[in-house]
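The values are calculated or read from the model by the stated rules, or taken from the named source; none is laboratory data. The structure displayed is predicted, hence computed values, not measured ones. Note that we place each Cβ from the backbone using ideal geometry, even for glycine, and neighbour counts take in every protein chain shown. Accessible surface is based on the protein model in full, side chains and every heavy atom, while ligands, DNA and RNA are left aside. Shrake-Rupley method; radii C 1.70, N 1.55, O 1.52, S 1.80 Å.
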Amino acid sequence: MNLAGEILVTAVCVVGLAFLAWWLFGRLLRPIPEQRVYALISGRGDGTDLEQSVRAFIWLRSLGLLHCPILIADVDLTARGWDVALHLAARWPDVILWPADHLAERVGREEA
């Protein structure tokens, strides 16, 4: 085999091993594949950090590291914050907006 062929085979092997290591490490980091686990984000104020927090959880979902619903607990959202939270809940189906004082009802409904 010529030098270019050996370099190509080596590069393909390195990329394959890197992908395998990345996938196995991702499987190691995912501790609980259960649906009764929630990612809870408290919604406060005008929701300035709300979108960034939800996007971080969505990114983890896209990597396969998170398989639970994302719950935004409305602690004291303003009208603007409520609009941001509604937009996020409409954009991604597993993002749920729920009042903070009724969280036990939401969690209890899943177990029943």
Fill in the blank from the handout: For the stretch 54-67, the count of residues that are open to solvent by less than 40 Å² (accessible area, probe 1.4 Å) and assigned to a helix (DSSP H, G or I) equals 2
Practice task
Would you point out which residue out of Gly81, Gly108 is in a helix (DSSP H, G or I), open to solvent by less than 60 Å² (accessible area, probe 1.4 Å) and at pLDDT below 85?
Solution key: Gly108
Handout entry: Count of residues meeting criterion [under 19 Å from the mean Cα position of the chain (by Cα), farther than 22 Å from Phe25 by Cα and of a type in the set (Lys, Arg)] in the stretch 53-85
Key = 0
Practice task
Might you check whether a residue that is open to solvent by less than 40 Å² (accessible area, probe 1.4 Å), in contact (Cβ under 8 Å) with a residue 24 or more places away in the chain, part of a helix (DSSP H, G or I) and closer than 30 Å to Leu24 by Cβ occurs anywhere in the stretch 86-97?
Solution key: no
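For the stretch 68-77, does any single residue satisfy the condition of being of a type outside the set (Ser, Thr, Tyr), modelled with pLDDT of 85 or more and assigned to a helix (DSSP H, G or I)?
At the first step, the residues of the stretch 68-77 found to be of a type outside the set (Ser, Thr, Tyr) are 68-77.
From the residues that got through so far, the ones that are modelled with pLDDT of 85 or more too are 69-77.
Still in the running and assigned to a helix (DSSP H, G or I): none.
No, because not a single residue in the stretch 68-77 is of a type outside the set (Ser, Thr, Tyr), modelled with pLDDT of 85 or more and assigned to a helix (DSSP H, G or I).
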